[in-house]
Amino acid sequence: MPTDAKRPLQLNDQGQLRHFLSLDGLPRELLTELLDTADSFLEVGARAVKKVPLLRGKTVCNVFFENSTRTRTTFELAAQRLSADVITLNVSTSSTSKGETLFDTLRNLEAMAADMFVVRHADSGAAHFIAEHVCPDVAIINGGDGRHAHPTQGMLDMLTIRRHKGSFENLSVAIVGDILHSRVARSDMLALRTLGCRDIRVIGPKTLIPVGVEQYGVKVYTDLAEGLKDVDVVIMLRLQRERMQGGLLPSEGEFYKLYGLSTQRLALAKPDAIVMHPGPINRGVEIESAVADGSHSVILNQVTYGIAVRMAVLSMAMSGQTAQRQLNQEAEELN
């Protein structure tokens with residue numbers, strides 16, 4: 001019987017990270033360990049020589065079926081700073097719209113003998129599919145799949161909040177904008193709830209709020225002024241034009257008028273509130289330039305923290321895979 005049938009796909013038999021696909025179901029202790037590990041890697045980024053030998057001799061393959069300069073670059077940097085060999089493939093989505101084709105692509109990648117795949121795909125569930133079918137020794141990291149999850153973005157957002165605000169328990173956090181199409185919003189909501197945040201608010205027009213979003217332990221607001229009142233953290237989301245079908249929005253100008261973050265609206269939040277955005281920013285659509293570049297903004301810090309978080313994910317998943325391999329070898333020897 002395969003061990004995967006008895007335990008969550010993401011964890012090995014000892015509860016260590018093995019794949020990183022979603023924040024759903026991961027325990028608070030593991031998320032905290034990930035943040036603590038990322039904290040230690042931030043110091044590496046400040047050194048003259050920005051390398052540690054944790055993944056020396058390992059090959060990390062970035063497989064991007066969907067383009068993203070920022071995510072790809074930070075994963076490349078993270079792997080290089082861990083001394084891994086890095087291959088990046090931008091795979092055309094036209095030939096991989098079917099599950100079987102994804103399976104074929106996977107077999108070709110396995111033939112390269114990489115130790116880890118970082119996968120970004122336009123279809124929800126693609127990273128899970130690959131993790132279920134990949135040979136046992138390869139770790140799969142989800143770099144974003146459809147509308148489903150973007151767990152490393154979720155964790156870099158949590159590291160940003162923790163470094164600027166300390167613990168999560170007494171914070172009020174508002175997530176604003178296109179919740180419906182946002183994998184970042186889903187990962188943020190899951191992470192905040194797991195880490196103990198009790199006041200999570202989602203703010204947006206009814207057409208961009210998913211049905212049943214309350215299951216994430218959030219409160220829904222359709223009025224920006226009401227939702228922003230006295231919050232500690234404002235997470236603005238990118239308006240995802242490419243994922244929208246039909247008339248969900250009248251116009252970008254109308255969206256900014258009702259939900260854009262201006263200096264005046266930010267004044268409704270706490271005086272020391274921080275403003276975050278996963279990037280790239282649509283200035284004058286989701287956020288005013290004066291806010292994006294102002295003293296409350298930690299948007300560029302997020303990019304810095306993103307490298308440290310991805311280093312933590314890569315090193316912890318590789319460590320979990322190695323531990324599982326040793327467990328399997330010991331079990332075989334006993335048999």
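The values are calculated or read from the model by the stated rules, or taken from the named source; none is laboratory data. What you see is a predicted model; the values in this text were computed from it and never measured. Quick reminder, even Gly has a Cβ in these numbers, built from the backbone with ideal geometry, and neighbours come from all protein chains shown. When the accessible area is computed, the model is the full protein with side chains, heavy atoms only, and any ligands, DNA or RNA have been set aside. Shrake-Rupley method; radii C 1.70, N 1.55, O 1.52, S 1.80 Å.
Go through (1) in a strand (DSSP E or B); (2) farther than 22 Å from Lys165 by Cα; (3) not small (Gly, Ala, Ser) and name the single condition Lys257 misses.
Result: Lys257 passes all but (1).
May I ask you to verify whether Ala48 is open to solvent by less than 30 Å² (accessible area, probe 1.4 Å) and among the small types (Gly, Ala, Ser)?
no
Within the stretch 60-69, work out how many residues are assigned to a strand (DSSP E or B) and over 14 Å from Ser319 (Cα atoms).
4
Does Leu268 meet the test of being surrounded by 20 or more Cβ atoms within 10 Å (Cβ to Cβ), touching a residue at least 12 places away in the same chain (Cβ under 8 Å) and in the same structural domain as Arg183 (by the TED database)?
It is false that Leu268 is surrounded by 20 or more Cβ atoms within 10 Å (Cβ to Cβ), touching a residue at least 12 places away in the same chain (Cβ under 8 Å) and in the same structural domain as Arg183 (by the TED database).
Would you please name the residue that is most open to solvent (accessible area, probe 1.4 Å), looking only at residues in the stretch 141-178 that are under 18 Å from Glu33 (Cα atoms) and either hydroxyl-bearing (Ser, Thr, Tyr) or in contact with a His (Cβ under 6 Å, 6 or more places away or on another chain) (or both)?
Applying the filter and picking the extreme gives Ser167.
Return the residues of the stretch 307-325 that are open to solvent by 50 Å² or more (accessible area, probe 1.4 Å) and modelled with pLDDT of 90 or more; say none if nothing qualifies.
Ser319
Residue-by-condition table, conditions (1) in the same structural domain as Ala113 (by the TED database); (2) more than 15 Å from the chain's Cα centre (by Cα); (3) farther than 28 Å from Ala78 by Cα; (4) touching a residue at least 12 places away in the same chain (Cβ under 8 Å):
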position	(1), (2), (3), (4)
Met158	no, no, no, yes
Arg162	no, yes, no, yes
Ser167	no, yes, no, yes
Leu171	no, yes, yes, yes
Val176	no, yes, yes, yes
Leu190	no, no, no, yes
Val202	no, yes, yes, yes
Pro205	no, yes, yes, yes
Leu208	no, yes, yes, yes
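If a residue must be open to solvent by 10 Å² or more (accessible area, probe 1.4 Å) and not in a helix (DSSP H, G or I), how many such residues does the stretch 179-194 contain?
The total comes to 1.
Could you list all residues from the stretch 297-306 that are open to solvent by 20 Å² or more (accessible area, probe 1.4 Å) and in contact (Cβ under 8 Å) with a residue 60 or more places away in the chain?
Correct list: Asn301, Val303, Thr304, Tyr305.
Any residue that is assigned by the TED database to the domain that holds His164, part of a helix (DSSP H, G or I) and farther than 30 Å from Leu34 by Cα - is there at least one of those in the stretch 292-300?
no
Here's a check for you: in the stretch 57-102, which residue that is among the small types (Gly, Ala, Ser) and open to solvent by less than 50 Å² (accessible area, probe 1.4 Å) is modelled with the lowest pLDDT?
Gly99
Only one residue in Val173, Val218, Val202, Val231 is touching a strand residue (DSSP E or B) at 6+ places or on another chain (Cβ under 6 Å), among the hydrophobic types (A, V, I, L, M, F, W, C), over 29 Å from His19 (Cα atoms) and at pLDDT 95 or above, so which one is that?
Val231
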